[in-house]
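Written below as structure tokens is the structure these notes are about.
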Amino acid sequence: MPPALNGLGGAVLAPILLGSPHYGELQGAQVLRVEPKSQAYETGLERGDVIVAVEGAAVRSPEDVLRFAGAQMDSYRLKIVRQRVPALLRVQR
């Protein structure tokens, strides 16, 4: 991901695909990898997280996350699901 993506640089996102443990039960963008010491790492994202909403708007694909992350906001909230437990993360630009 380009570093201009407002707090999520260093994360690799993918759609939830057939075979994923979340397939059929969640819509969102699955985090495949987070680079150490990256913006995404500092935000608290972890491999396996699923981003399901950004600022309350539902996420259906990685493109939805990229659209929000590219917006010019100083900070925003991500709703994620980690090991089947919902959580909120604050992303700082």
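The values are calculated or read from the model by the stated rules, or taken from the named source; none is laboratory data. Not measured: the values here are computed from a predicted model. Here the Cβ positions follow ideal geometry from the backbone for every residue, glycine too, while neighbour counts run over all protein chains shown. Note: accessible area is taken over every heavy atom of the protein model, side chains too, but ligands, DNA and RNA are not part of it. Shrake-Rupley method; radii C 1.70, N 1.55, O 1.52, S 1.80 Å.
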**Request:** Taking the residues in the stretch 40-81 that are more than 11 Å from ALA11 (Cα to Cα) and among the polar types (S, T, N, Q) as candidates, determine which candidate is most open to solvent (accessible area, probe 1.4 Å).
**Result:** GLN72
**Message:** Can you say whether VAL31 is under 17 Å from VAL81 (Cβ atoms) and surrounded by 14 or more Cβ atoms within 10 Å (Cβ to Cβ), as far as the supplied structure shows?
**Reply:** yes
**Request:** Note down all Cβ pairs under 9 Å where the first residue falls in the stretch 14-38 and is free of Cβ contacts under 8 Å to residues at least 40 places away in the same chain and assigned to a loop (DSSP other than H, G, I, E, B), the second is of a type in the set (A, V, I, L, M) and open to solvent by 80 Å² or more (accessible area, probe 1.4 Å), and they're at least six residues apart or on different chains.
**Result:** TYR23/LEU17; GLY24/LEU18
